[in-house]
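Enquirer: Could you have a look at this structure, given as structure tokens, before my questions?
The values are calculated or read from the model by the stated rules, or taken from the named source; none is laboratory data. Predicted model, so just to flag it, every value in this text is computed and none were measured. Using ideal geometry, Cβ is built from the backbone for each residue, glycine included, and neighbour counts are taken over all protein chains shown.
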Amino acid sequence: MKLFPAVVERCPDTGLYVGYVPGFPGAHTQAETLDELQRNLREVIEMLLEDGEPKLDAEFVGTQIVTVA
């Protein structure tokens, strides 16, 4: 079992959730619900892994809150 961190955003124009795995080319999708997004991300990652182990372009570290006065 492998774990991949995913970034999730909500598009203000469509209202859809958009998810992607940082540094994993092609690992992105969208959906109307978070549950659907999770299923879609799992499916696309599984499909991409069929081509072999990916060499990630970047490593996800985390998020930060930046305060601007």
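Enquirer: Does Met1 count as at pLDDT 95 or above, exposed (fewer than 14 other Cβ atoms within 10 Å of the Cβ) and of a type outside the set (S, T, N, Q)?
Expert: No, not satisfied.
Enquirer: Can you name the residue in region 39-58 that is hydrophobic (A, V, I, L, M, F, W, C) and assigned to a helix (DSSP H, G or I) and, of all such residues, is nearest to the chain's Cα centre (by Cα)?
Expert: The residue in question is Leu41.
Enquirer: To continue, here is another question. Quick one: which of Asp35, Asp13, Asp51 is modelled with pLDDT under 95 and among the charged types (D, E, K, R)?
Expert: Asp51 is the lone residue from the list that is modelled with pLDDT under 95 and among the charged types (D, E, K, R).
Enquirer: Counting only residues that are of a type in the set (Val, Ile, Thr) and surrounded by 15 or more Cβ atoms within 10 Å (Cβ to Cβ), which one in region 21-41 is farthest from Asp57 (Cα to Cα)?
Expert: Thr29
Enquirer: Let me ask you something else. Scan region 31-69 residue by residue and report those that are touching a helix residue (DSSP H, G or I) at 6+ places or on another chain (Cβ under 7 Å) and over 14 Å from Lys2 (Cα atoms).
Expert: Across region 31-69, the qualifying residue is only Ala31.
Enquirer: What is the residue count in region 9-20 for residues that are assigned to a strand (DSSP E or B) and more than 17 Å from Ala58 (Cα to Cα)?
Expert: Selection size over region 9-20: 4.
Enquirer: Could you look through region 47-69, keep only residues that are out of contact with any Phe, Trp or Tyr (no Cβ under 9 Å at 6 or more places or on another chain) and surrounded by 10 or more Cβ atoms within 10 Å (Cβ to Cβ), and pick out the one that is farthest from Gly19 (Cα to Cα)?
Expert: Leu49
Enquirer: Pairs under 8 Å by beta carbon, first residue farther than 15 Å from Gly26 by Cα in region 53-69, partner surrounded by 10 or more Cβ atoms within 10 Å (Cβ to Cβ), six or more apart or different chains?
Expert: Close Cβ pairs satisfying both conditions: Glu59/Pro22; Glu59/Gly23; Phe60/Pro5; Phe60/Val7; Phe60/Val21; Phe60/Pro22; Phe60/Gly23.
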